[in-house]
1. Can you find a residue in the stretch 125-145 that is assigned to a helix (DSSP H, G or I) and either more than 23 Å from residue 297 (Cβ to Cβ) or not aromatic (Phe, Trp, Tyr) (or both)?
2. Considering 247, 218, 272, which residue is within 30 Å of residue 101 (Cβ to Cβ) and either open to solvent by less than 20 Å² (accessible area, probe 1.4 Å) or of a type in the set (D, E, K, R) (or both)?
3. How about the stretch 83-94: which of its residues are surrounded by 14 or more Cβ atoms within 10 Å (Cβ to Cβ) and out of contact with any Phe, Trp or Tyr (no Cβ under 8 Å at 6 or more places or on another chain)?
4. Out of the residues in the stretch 278-294 that are open to solvent by 20 Å² or more (accessible area, probe 1.4 Å) and without any contact (Cβ under 8 Å) to a residue 60 or more places away in the chain, which is nearest to the chain's Cα centre (by Cα)?
5. Checking residue 161 against (1) within 28 Å of residue 89 (Cβ to Cβ); (2) crowded, with 17+ Cβ neighbours inside 10 Å; (3) modelled with pLDDT of 95 or more: exactly one of these is not met. Which one?
6. Looking for whichever is part of a helix (DSSP H, G or I), modelled with pLDDT of 95 or more, more than 21 Å from the chain's Cα centre (by Cα) and surrounded by 18 or more Cβ atoms within 10 Å (Cβ to Cβ) here; the options are 262, 309. Which one fits?
7. Restricting to the stretch 164-180, name every residue that is buried (at least 23 other Cβ atoms within 10 Å of the Cβ) and within 30 Å of residue 99 (Cβ to Cβ).
8. With respect to residue 241, determine if the residue is β-branched (Val, Ile, Thr), open to solvent by less than 50 Å² (accessible area, probe 1.4 Å), over 18 Å from residue 221 (Cβ atoms) and free of Cβ contacts under 8 Å to residues at least 40 places away in the same chain.
Amino acid sequence: MVADAGGALGVVAPNAGRRAGVEKSIMAFTAEQLVGNSSFLMSIRFLAGQMRGMFDAGPRLARLLASHQRWLLTQTAYALHLEYDPRDPTSGFTAVRLTGRITAHKVASRNTVLAFIEELYTYRFITHTPGDERRRPRHFEPADVSHQGMFAWLFSNLGALDLLDGGQRAAFFQANPSLMRLIQPRIARHCLEDAAWREPPEQVALFLWTEAGGLVVDNFIARMAMESSEPKRLSVGRVETRALAADFMMSRTHLQRLLAKAAQRGCVGWQDEPRKTHLWISRDFVEEYCAWQAVKFAYVDEAFEWAKAQIEEMAV
């Protein structure tokens, strides 16, 4: 079933059967509504736990979503694949198309994009489209494991939204995996084009622009205490940097430097200086992180509602 998300099922084209009233009828959370929802932090914690599960199931694949630059590269590459039009040989996931989209928004250099594609191919997360090995432009397509990973990512995000209103987004998506072709490219495009998501706020960027930084934040968010007697801090608990670095396949020195920079800015700190075994995270950081995540969640919800409306429109 998961593999069907890559295009094995017959799927309605994004604009097929669309009427002007469809978009106007979409009732999705806005970023402002999400931030103002008292349960939103629980949804963030739920997603953090799900991302940890994805990492345990496939560490190297999960790391593609663990820094913001790689997140943008991965989502954009996958969207290009889903947008492939056989009538247009320049469409789809090619090095030229990915480089053009990414460099237009100054997310990464051309060399970084090409190195990223080479890494995906080396680890067999993508393959050459059959018959394209010697053609130009050369097209790539995700391997089954990549389809499964993207399905799991979107399913988890929809499940996190369901926690806020008791919705059935995740169940509907699971029952209709062909919706991936409609939902994911829309999310990827909106997130790439919106500077509010593309350029994380300063404290969040400190973690998210670094290698495996997203994994570190997810770990802290998932573990932090929801209640605290201290007005500006939330306890994360015991953190052993050696074990955490090994767990996330990053150098201990890199992790220690990252935490030191974050401590200098007041994002995190140690409750037991100078032993540095029990960590706290600032409420300001958590609030900033939630506000940033709300931008993406709003686009996920909007894309889901839009895609669902397309399907319902065609059924009339």
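1. yes
2. Numbers: 247 fails: within 30 Å of residue 101 (Cβ to Cβ); 272 fails: within 30 Å of residue 101 (Cβ to Cβ).
Selected residue: 218, the only one of 247, 218, 272 that is within 30 Å of residue 101 (Cβ to Cβ) and either open to solvent by less than 20 Å² (accessible area, probe 1.4 Å) or of a type in the set (D, E, K, R) (or both).
3. Taking the stretch 83-94 and keeping what is surrounded by 14 or more Cβ atoms within 10 Å (Cβ to Cβ), we get 83-84, 89, 91-94.
If the condition is that a residue be surrounded by 14 or more Cβ atoms within 10 Å (Cβ to Cβ) and out of contact with any Phe, Trp or Tyr (no Cβ under 8 Å at 6 or more places or on another chain), then 83, 89 are the ones that fit.
4. Within the stretch 278-294, the match that is nearest to the chain's Cα centre (by Cα) is 287.
5. (1)
6. On the way: 309 fails: modelled with pLDDT of 95 or more.
Only one candidate passes the filter, namely 262.
7. 179, 180
8. On the way: β-branched (Val, Ile, Thr): yes; open to solvent by less than 50 Å² (accessible area, probe 1.4 Å): yes; over 18 Å from residue 221 (Cβ atoms): no; free of Cβ contacts under 8 Å to residues at least 40 places away in the same chain: yes.
Criteria not met by residue 241.
The values are calculated or read from the model by the stated rules, or taken from the named source; none is laboratory data. Remember, predicted model here, so these are calculated numbers, not experimental data. Heads up, the Cβs are rebuilt from the backbone with ideal geometry, glycines too, and the neighbour counts pull from every protein chain shown. Ligands, DNA and RNA are stripped out before the accessible areas are found, and what is left, the full protein with its side chains, is counted by its heavy atoms. Shrake-Rupley method; radii C 1.70, N 1.55, O 1.52, S 1.80 Å.
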